[in-house]
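Okay, structure first, notes after.
Just so you know, all these numbers are worked out from the coordinates, no wet-lab data involved. Here the structure is a predicted model, which is why all the values come from computation and not from measurement. Quick reminder, even Gly has a Cβ in these numbers, built from the backbone with ideal geometry, and neighbours come from all protein chains shown.
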């Protein structure tokens, strides 16, 4: 009786042990399956992330050129708007010659239109609207004017003259001296010009400019305003120059 009980107990214990082993095995298999499912899910998420990433990059790449293109399209428009809004810059007006000088130039042109060629082509010129001259054995003259370079007034000048010789009466006249080359104008502005004693002016009359020629880089025209003189020499004239 005792032996049968012991055998039953042994079989029961063995059954329990086998059941425990079976349950442990089943739990291990379930755990393995769970881990495998987790690994599969993680792998699936990784693949999905990899598939989505290029799409995101591609979308970013597609959007970037569009943004650059929009910026490029907007930039010229902005520049154009800025250019339209900015007022056109003009050169500041230069100094204007005096009214006397302007009137003198017009009178010379009215008398002889051919002198316009000298005004247009000379490197420079000086205009003296009023020169007063009197002659009583020892003559003198003085006048003030303005100097031009390439048609633009650049400074003022004064002239003095002392002559010795027979002169009768007195006169007022206008005088224009043209300079053929820039070096001739520079000689004047540097104070190095003195008209030689034998230099004579061309009295402006209709057609007088056609026969006038430069001598030593200068040619002189005069227009008498009043009075008579026995000579038309402008030799001995001395000049001073002051830039504006």
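Tabulated results
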read-out: Residue 172 paired with residue 186, simple spin-label distance in nm, labels 7 Å along Cα-to-beta-carbon; value: 3.8
read-out: Theoretical gain in end-to-end length, residue 109 to residue 200 [0.36 nm per residue, Cα-Cα removed]; value: 30.7 nm
